[in-house]
Amino acid sequence: MRLLVADHPLINHKLSVLRDARTPSAVFRLLVDELVTLLAYEATREVRTEQVDITTPVAVAHCRRLADPRPIVVPILRAGLGMLEGMTRLLPTAEVGFLGMKRDDDTLEVETYANRLPEDLSGRQCFVIDPMLATGHTLVAAIDYLLERGARDVTAICLIAAPEGVAALEAAVGQRANVTVVTAAVDDSLNEHAYIVPGLGDAGDRLYGIVD
Ligand SMILES: O=P(O)(O)OC[C@H]1O[C@H](OP(=O)(O)OP(=O)(O)O)[C@H](O)[C@@H]1O
Ligand SMILES: O=c1cc[nH]c(=O)[nH]1
Ligand SMILES: [Mg+2]
């Protein structure tokens, strides 16, 4: 498994505002959108392209364009939904599959309440988007769904990861596929409630308000 921490002054600045407990939801949503576009630029460095000849007003240019089959973007609801528009802005031809997953606050196990993915993902490049990689339970379960459907090339884009989650992901899926994690930061640890420290709190709640 590859871990890529995108260290860029603009990413670091936006992340500092995102972390601030005083940042209101509207600004938080805007920053998530901007951050994912910057991270997606790194994460798509190896997106498959093909040769194409384009006739400019002057001559034929030998160019490269995105190749088929199209990549698939998979936001993990709820919080991953806040990253979808920023991602598809960069990859407008990508298909979008959805996973609705919720971590149980007490057991930390993951419940999947929605699964809308193509049956066959063989040969597809998959980009999973979820702002927080904490214990890793959610991302491991999400990547398992993709591998069951034949995917072998998965990039997860997170805003903040915990070392515990990175290790859990490596142990669970690192050998079974070409998995890359792109994140803006790897934080210190998890607290007793498995929240990332210092983190930014509950990403879903900060994007959409508290529902439970
Ligand atoms: O690595 P883990 O320990 O599994 O935790 C990470 C998950 O927790 C958050 O979602 P949450 O379960 O709070 O659902 P939400 O997006 O609906 O708020 C986050 O968006 C991840 O999906
Ligand atoms: O810190 C955390 C951990 C899990 N989910 C979040 O939204 N934040
Ligand atoms: Mg949440």
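Things to note:
- 3J(HN,Hα) along region 85-95, derived from phi through the Karplus expression 6.51 cos²θ - 1.76 cosθ + 1.60 where θ = phi - 60°, amounts to 5, x, 6, 6, 5, 7, 10, x, 8, 5, 8 Hz, with x in place of Gly and Pro.
- Taking only the Cα atoms of region 36-151, the radius of gyration and Dmax are 16.8, 65 Å.
- Peptide ranges 175-181, 108-114 listed from the most packed, as the mean C-beta count within 10 angstrom indicates: 175-181, 108-114
- Each semi-axis of the equivalent ellipsoid for region 1-102 is √(5λ) with λ an eigenvalue of the Cα gyration tensor; in descending order they amount to 31, 18, 13 Å.
- Longest to shortest principal axis, alpha-carbon extents of the chain, angstrom: 62, 37, 28
- Charge dipole (Cα centre; +1 on Lys/Arg Cβ, -1 on Asp/Glu Cβ; no other charges) of the chain amounts to roughly 740 debye.
- When 145, 208 are compared by accessible area at a 1.4 angstrom probe, the order from most to least is 208, 145.
- Radius of gyration (Cα atoms) of region 89-212, expressed as a multiple of 2.2 N^0.38 Å: 1.04.
- Peptide packing: for 32-42, 11-21, the average count of neighbouring Cβ atoms within 10 Å per residue gives the ranking 32-42, 11-21, highest mean first.
- Of all DSSP beta bridges in region 21-173, antiparallel share, percent nearest 5: 45 percent
- With every protein chain in place, region 94-171: carbon and sulfur % of accessible area (1.4 Å): 48 percent
- Sorted peptide list for 69-78, 48-57, 115-124, criterion being average Cβ within 10 angstrom, highest first: 69-78, 115-124, 48-57
- Fraction of accessible area attributable to carbon and sulfur, region 1-87 (%, probe 1.4 Å): 57 percent
- Accessible-area order (highest first, 1.4 angstrom probe) of the listed residues 63, 158: 63, 158
The values are calculated or read from the model by the stated rules, or taken from the named source; none is laboratory data. Given the structure is predicted, the values throughout are model-derived calculations rather than measurements. Note that each Cβ is placed from the backbone with ideal geometry, even for glycine, and that neighbours are counted across all protein chains shown. Each accessible area value is taken on the protein alone, full model and side chains, heavy atoms only, with ligands, DNA and RNA left out. Shrake-Rupley method; radii C 1.70, N 1.55, O 1.52, S 1.80 Å.
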